[in-house]
Amino acid sequence: MRAPTRCRGYEPADHAIGRSRGRLTTKIHLATDGAGRGLAVLITPGQTNDSPLLAPLLQEVAVPRLEGGPPRRNPDVVIADRAYSAASNRTLLRSKRIQAVIPERSDQVANRKRKGRAGGRAPGFDAQLYKRRNVIEGAFNKAEHWRAVATRYDKLATTYRAGFVLALVVEWLKSLGDAT
């Protein structure tokens, strides 16, 4: 696996454990396919904002092609929650010709309406397609059946990430019929 790209707000997994009132905290950023199988995982400190991490998360996605050739890097659709609703993310997805299904935050809606006609149109949002976001929640729920992932007792972010990736690999094996 190649090393993650550095960006504003993202540090490699070695420094990805934050502190909150004396406790260790982490945040998992996960990209999955349509069936909820993990494609890319990033770990950040718990206090890190989600929005700047969409670009590095998409850079980590690489789906090999069965017929050979370079791996596929761009999904058709990105379904994300309000935490990823930033103009920079929408611009990035538009430049890669990826459909963004991300609801606007209430403060963004209020700012746009306050500006009137100068605020522009609301970004396109497919409410029916957004219902598929439960797939990612299901992937998190399956991974959290692993005690090491659910309890977060690991002191190192690399160890915690390895446990999470192992849980995702087991789900891939189950979907391929190689594990029970």
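The values are calculated or read from the model by the stated rules, or taken from the named source; none is laboratory data. Predicted model only: the values in this text are computed from it and were never measured. A quick note on method: Cβ atoms are made from the backbone with ideal geometry, for glycine too, and the neighbour counts reach across all protein chains shown.
On the basis of being closer than 29 Å to residue 174 by Cα and small (Gly, Ala, Ser), does residue 118 make the cut? No, not satisfied.
Applying the criterion of being closer than 16 Å to residue 162 by Cβ and in a loop (DSSP other than H, G, I, E, B) to the residues of the stretch 11-42, the residue that is modelled with the highest pLDDT is 17. Exactly one residue out of 56, 64, 45 is within 27 Å of residue 171 (Cβ to Cβ), modelled with pLDDT under 90 and surrounded by 15 or more Cβ atoms within 10 Å (Cβ to Cβ), and it is 45.
Of all residues in the stretch 90-110, those satisfying the criterion of being out of contact with any helix residue (DSSP H, G or I) (no Cβ under 7 Å at 6 or more places or on another chain) and either closer than 27 Å to residue 46 by Cβ or outside any loop (DSSP other than H, G, I, E, B) (or both) are 90, 91, 93, 94, 95, 99, 104, 106, 107, 108, 109, 110. For the stretch 58-74, state whether one or more residues are in a loop (DSSP other than H, G, I, E, B), polar (S, T, N, Q) and in contact (Cβ under 8 Å) with a residue 40 or more places away in the chain. The answer is no; no qualifying residue exists. Pairs meeting the criteria (first residue in the stretch 117-141 and under 22 Å from residue 76 (Cα atoms), second residue in a helix (DSSP H, G or I) and among the basic types (Lys, Arg), beta carbons under 9 Å, at least 6 apart or on different chains) are 122/112; 123/90.
Applying the condition of being more than 10 Å from the chain's Cα centre (by Cα) and of a type in the set (S, T, N, Q) to the stretch 43-64 and asking which residue is nearest to residue 81 (Cα to Cα) yields 49.
Among the residues of the stretch 126-152, those identified as modelled with pLDDT of 85 or more, farther than 18 Å from residue 29 by Cβ and exposed (fewer than 13 other Cβ atoms within 10 Å of the Cβ) are 127, 128, 129, 131, 145. The residue that is farthest from the chain's Cα centre (by Cα), among those in the stretch 153-164 that are touching a residue at least 40 places away in the same chain (Cβ under 8 Å) and surrounded by fewer than 16 Cβ atoms within 10 Å (Cβ to Cβ), is 155. In the stretch 75-89, which residues are part of a helix (DSSP H, G or I) and either crowded, with 18+ Cβ neighbours inside 10 Å or without any contact (Cβ under 8 Å) to a residue 12 or more places away in the chain (or both)? Of everything in the stretch 75-89, those that are part of a helix (DSSP H, G or I) and either crowded, with 18+ Cβ neighbours inside 10 Å or without any contact (Cβ under 8 Å) to a residue 12 or more places away in the chain (or both) turn out to be 84, 87, 89.
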